[in-house]
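Enquirer: Sharing a structure here in structure tokens format.
The values are calculated or read from the model by the stated rules, or taken from the named source; none is laboratory data. For clarity, every value in this text was computed on a predicted model and none was experimentally measured. Here Cβ is always computed from backbone atoms with ideal geometry, including for glycine, and neighbour counts include all displayed protein chains. These area figures cover heavy atoms from the full protein model, side chains too; ligands, DNA and RNA do not enter into them. Shrake-Rupley method; radii C 1.70, N 1.55, O 1.52, S 1.80 Å.
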Amino acid sequence: DDQSRAHKLYRGVPDEPAVRADLVSMQDPDRTKLALPFDGWYASGLPSRNYFRHGAAFYQAGYPDQALPYLDVVLSRTPDNFKAQLAVGQIHLDAERTEAARPHIEAAVRLNAKSPEAWNNYGGLAMQEQSYVLALERFQKAIALAPDSGYAYANAAQAADRAGQDAEAERLLRRALDIDASDADALSQLGLLLARQERFGEAKQ
């Protein structure tokens, strides 16, 4: 279509009437007219594509940027879709596209202020902006909503470390390791923190 989105893929070269019909359907908002070769009505509503599932499939398979066109369609139709806002914000945040991430993360927090994932991403946004005290506050909000979330403790510890709060960073990391003793990132962060304090025996362990 005019936005370079494919609407149909053919297994082989179709005949001319089929091509002509599909060209018409691309310009017609009600493409369902040509979905079947006869007139009729649908017992359970009109068929539609689930663009969120398309986007989620690409994202989960490790292709976040390829997920964005599908998720953008979802948001153009339903801007209050919390999961889509959260996913798009996460994709941009992971790619360090801070300004692109901001409106989606802020929308996710506004749509669901009780989501620890949304507050965690909100903290990540502040980290990229080097607002470490603010990031710590947001990560602590995520912790309050999900007290057993090891990643929230580890992220909060990183913010505390950057803010020069070594004792708080250590406390948060040890709590993260209480939750998951095999968390390699938390172990590494704690080792580096202890080494900077010349507590080399503990750091080595």
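Enquirer: Are any of the residues in segment 161-183 open to solvent by less than 30 Å² (accessible area, probe 1.4 Å), more than 22 Å from Ala113 (Cα to Cα) and among the small types (Gly, Ala, Ser)?
Expert: Yes.
Enquirer: Same structure, new question: Report whether or not Glu106 is surrounded by 15 or more Cβ atoms within 10 Å (Cβ to Cβ) and either out of contact with any strand residue (DSSP E or B) (no Cβ under 8 Å at 6 or more places or on another chain) or assigned to a helix (DSSP H, G or I) (or both).
Expert: Considered against the rule, which asks whether it is surrounded by 15 or more Cβ atoms within 10 Å (Cβ to Cβ) and either out of contact with any strand residue (DSSP E or B) (no Cβ under 8 Å at 6 or more places or on another chain) or assigned to a helix (DSSP H, G or I) (or both), Glu106 comes out as yes.
Enquirer: Something else about it: So in segment 184-195, with the set limited to residues that are under 23 Å from Ala126 (Cβ atoms) and without any contact (Cβ under 8 Å) to a residue 12 or more places away in the chain, which one is least open to solvent (accessible area, probe 1.4 Å)?
Expert: Per the stated criteria, the residue is Ser188.
Enquirer: Is it true that some residue in segment 150-158 is outside any helix (DSSP H, G or I), in contact with a helix residue (DSSP H, G or I) (Cβ under 8 Å, 6 or more places away or on another chain) and at pLDDT 95 or above?
Expert: The answer is no; no qualifying residue exists.
Enquirer: Another question, if that's okay. Restricting to segment 113-142, give me the number of residues that are surrounded by 23 or more Cβ atoms within 10 Å (Cβ to Cβ) and in contact with a Phe, Trp or Tyr (Cβ under 7 Å, 6 or more places away or on another chain).
Expert: Looking only at that region, the number is 4.
Enquirer: Considering only segment 78-102, how many residues are open to solvent by 40 Å² or more (accessible area, probe 1.4 Å) and within 25 Å of Ala160 (Cα to Cα)?
Expert: Residues in segment 78-102 being open to solvent by 40 Å² or more (accessible area, probe 1.4 Å) and within 25 Å of Ala160 (Cα to Cα): 7 in total.
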